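Following: one structure in structure tokens, then a few remarks.
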There are 2 protein chains.
Amino acid sequence: MKNDSQSRDVFYVSDGTAITCETLGHVVLGQFPFKAKEKTFPFVESTHKLDELIREINQSYERNGVKPLVFFSIVVPEIRAGLLVSQAFCYDVLESLVAQVKSDLQLEPKPKLQRSHSVGKDSAKYFDRIAAVEYTLAHDDGVSLKNLEQADLILLGVSRSGKTPTSLYLAMQFGLRVVNYPFIDDDIKRLRLMPEFEIHRHKLFGLTINPERLTEIRENRLAGSEYASTEQCLQELASVEALFRREAIPYINTTSLSVEEISTRVLERAGLKRRVF
Amino acid sequence: MKNDSQSRDVFYVSDGTAITCETLGHVVLGQFPFKAKEKTFPFVESTHKLDELIREINQSYERNGVKPLVFFSIVVPEIRAGLLVSQAFCYDVLESLVAQVKSDLQLEPKPKLQRSHSVGKDSAKYFDRIAAVEYTLAHDDGVSLKNLEQADLILLGVSRSGKTPTSLYLAMQFGLRVVNYPFIDDDIKRLRLMPEFEIHRHKLFGLTINPERLTEIRENRLAGSEYASTEQCLQELASVEALFRREAIPYINTTSLSVEEISTRVLERAGLKRRVF
């Protein structure tokens, strides 16, 4: 195959999960005008695994006539050295930042394995995060309104406004305990706050969405239903937004936002602290 | 307050969600011997928000007598310039990598807003990821064994071996459709594979865990129960592991692994492609 400037092989390589390498490399490549054919090599901790990787790198070079790119994070010196002499452009995703901090603070860094995304020494913090996922799952979609005192956040909105994926992301990424509650049929006609929420008012946050988008999402789910009709969607959204305003519940419109963006905006508006895992 | 070399203020700043800045900065700081007091400023897109941030940076400097650290990613030149002259050590998390790729490939980068964690142009890819979260949720904990042909992976294991958080992480991070199925009471006594799984054998993957750890987790949930007893845990694990071996189902031990590590190892062993969002 000939060199195609529109496409290039990219490897994400780490002695850990390689999730940080993937995320960062992917963002960097988003600035360049070629298509990346991405492959990830996690847990490259042995010369055996290194050899396998080097073989793929060399094959890519021979096949395409151009060097592949490697975004990596490797602590063990021999593995690192072996990778650096391969037929690839290699980028250490941490090196430059660590060097700058070292120089500015005049502190010696200690490279360590299991840098991120591991249970680590602070296992209580990790298990608290998993408990948050479990709490959130048990309080999805109005299933339970028990133990609200443990909630960090209570999301309100009509069916299909983005509550469930947002709740799960907030739990998984930030360790928050999130309740979400949908307004349905009877609720919509005489809309009021559940009495259970009264003493947790400060935790309430609303999600809304454009009627056209809501109709589209519901049509995908239940084509031709009243549930998906423009009229129904318009009425539900008007009622719920009126409630948000009347009760002074902060809310955002989720149309065209990703779960990451919705979550980030909710945290910011609700003044909740972000925890980094 | 005096300068305390054991602690320093750290700001994560972005015109997007700042999730990449947080992840990367947190990993870099893990190599240094001080405690970071972290705060995140997402969506810094206006001079108004920049002013607020600069105020906090200056307050931190005055209060502590040392400059705070800022890990940032900002595209708009004026906002970027304003940040760089503040009383902080500022680290652009992308700059060095972009410069290296630019130099190696002789290609001009195009910095862009909404680099990561947005719905972006490829909205079909984003909605497929959300559909994966919904599929996974609908197939959690043996609730449904319908539509298994759509599954990318079927996780098996005893109750509390890590199936649910792993499934949700695989769906959210990698856009995979994951079914998880617990072996319970009656199953354990005469353990066999559900007939529904037969034609999906290649999708099966087992999770196991050390008996001591399983007892501990179950004790936290139902103290003093038979369910949490050492004997019960030992028996369940022995039966399930025997089944995995007999049926040649690949499996891993999740004790002391995080969801990210379990997920990465499962993908690797199952030969599933990682998608980057």
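The values are calculated or read from the model by the stated rules, or taken from the named source; none is laboratory data. All values derive from a computational prediction rather than experimental measurement. Cβ coordinates were reconstructed from backbone atoms using ideal geometry, including for glycine residues, and neighbour counts include every protein chain displayed. Please note that ligands, DNA and RNA were not included when accessible areas were found on the heavy atoms of the full protein model with its side chains. Shrake-Rupley method; radii C 1.70, N 1.55, O 1.52, S 1.80 Å.
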Relative contact order %, the stretch B:191-246, counting alpha carbon pairs below 8 Å whose residues are six or more apart: 37
Simple Cβ-charge dipole of the stretch B:196-241, Lys/Arg +1 and Asp/Glu -1, about Cα centre, in debye nearest 20: 220
Order of exposure, largest accessible area first, which applies to B:213, B:129 with probe 1.4 Å: B:213, B:129
16 Å Cα-Cα reach of residue A:49 towards aspartates and glutamates, excluding residues that sit fewer than 8 places from it in its own chain: A:15, A:78, B:268
Chain B: relative contact order as a whole-number percent, Cα under 8 Å and 6+ apart: 14
Relative contact order %, the stretch A:7-105, counting alpha carbon pairs below 8 Å whose residues are six or more apart: 32
Burial of 30 Å² or greater, the stretch A:55-98 residues [accessible area, probe 1.4 Å, versus chain by itself]: A:89, A:91, A:94, A:96, A:97, A:98
Residue B:90 - accessible surface, heavy atoms, 1.4 Å probe, Å² rounded to 10: 30
With all protein chains modelled, accessible area of residue B:208 [1.4 Å, Å²]: 0
Unit charges on C-beta of K, R, D, E only; dipole of the stretch A:55-104, Debye: 140
Separation of alpha-carbon centers, the stretch B:66-126 and the stretch B:194-231, rounded to whole Å: 44
Carbon/sulfur fraction of accessible area - chain A, other protein chains in place, 1.4 Å, %: 50
Positive dipole terminus of chain B, leading residue within B:232, B:19, B:256 (C-beta point charges): B:19
A:61, B:251, reordered so the largest accessible area comes first (probe 1.4 Å): A:61, B:251
Highest-MSF residue in chain B out of B:211, B:68, B:195 [GNM, Cα springs under 10 Å]: B:195
Karplus (6.51, -1.76, 1.60) ³J(HN,Hα), θ = phi - 60°, over the stretch B:79-90, in Hz, Gly and Pro reported as x: 5, 4, 5, x, 5, 5, 8, 6, 7, 9, 7, 9
Pairwise burial A:B, computed as accessible area of each alone minus the pair, summed, 1.4 Å, Å²: 7200
Per residue accessible area of the protein assembly as shown, 1.4 Å probe, in Å²: 46
Set of aspartates and glutamates near residue B:37 by C-alpha distance (under 14 Å), chain-local residues within fewer than 8 positions excluded: B:4, B:9, B:22, B:56
Total charge dipole magnitude, the stretch B:123-270, about the Cα centre, Cβ charges on Lys, Arg, Asp, Glu only, Debye to nearest 20: 320
Heavy atoms of residue A:276 accessible to a 1.4 Å probe, total area in Å² rounded to 10: 10
Cut-off 10 Å between beta-carbons: net charge of the residues surrounding residue B:153, Lys and Arg +1, Asp and Glu -1: +1
Among A:153, A:214, A:84: highest mean-square fluctuation, GNM of chain A, C-alpha pairs under 10 Å: A:84
Max mean-square fluctuation residue, GNM over chain B, Cα-Cα springs under 10 Å, options B:162, B:30, B:206: B:30
Residues along the stretch A:143-184 losing 50 Å² or more of accessible surface when the other protein chains are present rather than the chain by itself (probe 1.4 Å): A:165, A:168, A:172
